[in-house]
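See structure below.
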């Protein structure tokens, strides 16, 4: 577990240090980012083997931002559009990726509740972009550091390859801080001695 935690931290730091808008005009930066995304997707696949089997992938991750995609290939339903479970997969996992790669592996994301509003069928890949403001990230971390847990909500728009919004998601997460021990846990307790 310590090796995986270290890889998450190193990969997060590495991706954060690179220019997120650099394209092929800066080939070295672009190659480094692609290598970082491969590492992110490998770590996701180790944690959730279901994700890569269903052609889920993170395409971009940086402080406060994540973009992910699910492929239509292998994820069609009985009438040829994207299966509902694939929508759920692409809407849910990025919240965990955003938390882990932004706040670090000591902050464990747990999905508490999620809803999807389907607007129209998609017969193409679907992407989602999720964002947390710096202030929200700071509050989550402060709450988790103080109480051992913090709650937050992510709302996303799932889009087909033409940019049409095909669904909306609302996900309620809780972050638990690994190894949290409240200071002064005995304060206020009555002793029987």
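Every read-out reported here was derived from the displayed coordinates using simple, explicitly stated rules and does not represent laboratory data. Everything numeric here is computed off the predicted structure, so don't read it as measured data. All Cβ positions, even for glycine, are placed from backbone atoms using ideal geometry, and neighbour counts span all protein chains on display.
Data table
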| read-out | value |
| --- | --- |
| 103, 114 arranged by Cβ crowding within 10 Å, fewest neighbours leading | 114, 103 |
| Three-way shape call for the stretch 109-165 based on the alpha-carbon gyration tensor, with the a/c threshold at 1.5 | prolate |
| Overall form of the stretch 55-161 per C-alpha gyration tensor (a/c, 1.5; a/b vs b/c) | prolate |
| Most mobile listed residue (48, 72, 165) in the chain, GNM with C-alpha springs under 10 Å | 48 |
| Shape of the stretch 1-108, Cα gyration tensor, a/c cut at 1.5 | oblate |
| Which of 5, 125 has the fewest Cβ neighbours within 10 Å, and the rest in rising order | 5, 125 |
| Among 36, 148, 96: highest mean-square fluctuation, GNM of the chain, C-alpha pairs under 10 Å | 148 |
| Size of the chain as Cα extents on the principal axes (Å, biggest first) | 71, 41, 30 |
